[in-house]
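What follows is a set of notes on a single structure, which appears directly below.
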Amino acid sequence: MPGEKRILVAEDDVATGQAWSELIASWGFKVSIAEDGKRALELAESYDPHILLLDLRLPQLNGLEVLSELRRRGAQFPTIMISGEGEIADAVQAIKLGAYDYLRKPVDPPHLKVLLNNLSAHLTVSEENQRLRRRLLRAGELGRLVGQSAPMRRVMTLIEQVAPSTASVVILGDSGTGKELVARTIHELSPRRGGPYIAINCAALPETLMESELFGHERGAFTGADRRREGCFELANGGTLLLDEIGEMKAELQAKLLRVIEEGKLRRLGGSAEISVDVRVLAATNRNLEAAIRDSRFREDLYYRLNVFAIELPPLSEHSEDIPALVEHFMRELEVPAGKTVSGVDAEALEGLKGFRWPGNVRQLRNVIERALIVTKGPLIGAADLPPDLKRAGTGSDVLEIKLGASLDEVERNLIKRTVEFAGGNKSRAAEILGVSLKTLYNRLERYQNRDSHDVA
Ligand SMILES: Nc1ncnc2c1ncn2[C@@H]1O[C@H](COP(=O)(O)OP(=O)(O)OP(=O)(O)O)[C@@H](O)[C@H]1O
Ligand SMILES: [Mg+2]
């Protein structure tokens, strides 16, 4: 039924726009007209068209600019470009930017009618899905992912596109940007949502243990293997497996991993039987895998196998407009300590939060809110409830004082802990700054943690 479909016509010539509008309405569509590029973008939001007819030549913003902005916003409706004489190059460019088709002026009405009817029939099929999707995106939430900024909406759109398939996805982003959350969201929106979701950190374990962690082992496979154990691949059977910090995996293991992914079969360590597994593999990393391939630290074939689809998460400083919504989300999620009523964040504190550069991204923001809930006297979190680093206009504290008489061990421990803080909890960056491997850093931190818990006990 064309009658339910909204067509947006972006055309600056009033008489032409009017003529089209009447013609298209006579075919049973609803029509609205935008007389320039800026208005077209506004109506793309408020009128929420099913199809856009976009003239290439428009005042304010031209057709190509409108199209790239729509694409940047993750708009889903098809766009038909209308080009004048001598604008073929631009029309081709428009198709590259994702336009559905283009028509030459003067537009032939029967041709346009067929095009609109076909598109409209096609749209009806996915209508229900689209409506749901739009509602979710408008609310600025997808699963547990919060954010209405253009970069976050783009991420959400990508998640929705890729979730229904079994394609591997590489999720890229700095520490704390939400890679794990995205992985979980992909799983929850996929047909595998009823199956298991397993995440494994590829940087945390030495190589041999890692192998058994992934593929399992038989009893007696190595010293200490006193019973048979299933690996992550078997545990994730029928579901999704996230390989976190995939960039840290050793080359030999990468080769085995590739084989298992390609064949869908594995052998446990010390075992001879082939076990079939049906697992969707997601991989997350905060490093540039392409650089790792150039340095021969990451296998190119594995990269191409995993990188069927890539989702890149923006650092929080690039979508600080989402900070108020994220703060509200964390206040709802985190429990307010007993005996306190905290209802929000005051204006000064919110300004501070929005202005900070957030090296530790969303995780750091969450930690700051968690801390503020504890220290605040309420009912509003104020600037005084935020950590001192944040109050110092986001420069971060970058000086470590060493008292003479301190042992090397103490200094090392302090330096490591403070560097991790300085890097906003980004362990890869901290390791880089310190000039040690990520594994070494994990080992030290674990050692300190064990020691701390002994100290307390
Ligand atoms: N867009 C978001 N909306 C709501 N919560 C978020 C969002 N992004 C991140 N978070 C929250 O921030 C925290 C850190 O996210 P997550 O663990 O997914 O980051 P990560 O990229 O995997 O970090 P790392 O590289 O350090 O492993 C989590 O508590 C997560 O729920
Ligand atoms: Mg993570």
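Take the alpha carbon gyration tensor of the stretch 2-126, find the square roots of its eigenvalues, order them as a ≥ b ≥ c, and report rounded if a/c is under 1.5; if not, report prolate when a/b exceeds b/c, else oblate.
rounded
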_Student exercise, the stretch 72-124 dipole from Lys, Arg, Asp, Glu Cβ charges, in Debye to nearest 20_ = 220 debye
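As a footprinting exposure proxy, order 272, 428, 120 by other Cβ within 10 Å, with the fewest listed first.
In order of increasing Cβ crowding within 10 Å: 272, 428, 120.
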*With Cβ to Cβ distances under 9 Å as the rule, what net charge do the other residues near residue 333 carry (K, R +1; D, E -1)?*
+2
_I'd like the FRET efficiency for residue 73 and residue 449, computed as 1/(1 + (r/R0)^6) with the beta carbon distance as r and R0 of 45 Å, rounded to 0.05._
0.55
*Multiply the residue gap between residue 65 and residue 401 by 0.36 nm, knock off their C-alpha separation, and tell me the result in nm, one decimal place.*
115.7 nm
_How much of the DSSP bridge set in the chain is antiparallel, in percent, rounded to the nearest 5?_
10 percent
*Determine one quarter of the surface area of the Cα convex hull of the stretch 408-456, which equals its mean projected area, and express it in nm² to one decimal.*
3.3 nm²
*Given the Cα-Cα distance of residue 122 and residue 367 and 0.36 nm per residue of separation, how much length would full extension add, in nm?*
83.6 nm
*Of the peptides 29-40, 76-87, 256-267, how do they stack up when ordered by the mean number of other Cβ atoms within 10 Å, highest first?*
29-40, 76-87, 256-267
*asked:* Checking the cross-link filter: which lysines have an alpha carbon closer than 19 Å to that of residue 256, excluding same-chain neighbours under 8 positions apart?
replied: 265
*Could you let me know the centre-to-centre spacing of the stretch 222-297 and the stretch 1-65, using Cα atoms, in angstrom?*
51 Å
*For the stretch 419-438 and the stretch 328-363, compute the distance between their C-alpha centroids and round to whole Å.*
25 Å
*Extension gain residue 305-residue 4, at 0.36 nm per residue separation less the Cα-Cα distance, in nm?*
104.1 nm
*Based on other C-beta atoms within 10 Å, arrange 419, 166 from fewest to most.*
166, 419
_Percent of Cα-Cα distances greater than 41 Å, calculated over the chain_ = 35 percent
_Spacing of the two label points (7 Å from each Cα toward its C-beta) at residue 166 and residue 100, in nm_ = 3.1 nm
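Give 38/105; 403/427; 250/403; 179/377 a once-over and call out the pairs whose C-alpha atoms are over 29 Å from each other.
250/403; 179/377, as the Cα separations exceed 29 Å there.
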*Shape call, the stretch 162-293: gyration tensor on alpha carbons, a/c limit 1.5*: oblate
*Residue-count net charge about residue 96 - beta-carbon cut-off 14 Å; Lys, Arg +1, Asp, Glu -1*: -1
*With +1 on each Lys and Arg Cβ and -1 on each Asp and Glu Cβ, and nothing else charged, work out how big the dipole of the chain is about its Cα centre, in Debye to the nearest 20.*
1000 debye
*Excluding residue 207 itself, calculate the net charge of residues whose Cβ lies under 9 Å from the Cβ of residue 207, where each Lys or Arg counts +1 and each Asp or Glu counts -1.*
-1
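We did not get these values from a lab; they are worked out from the coordinates using the rules stated. Only a predicted model underlies this, so the values are computations on that prediction, with no experimental measurement involved. Heads up, the Cβs are rebuilt from the backbone with ideal geometry, glycines too, and the neighbour counts pull from every protein chain shown.
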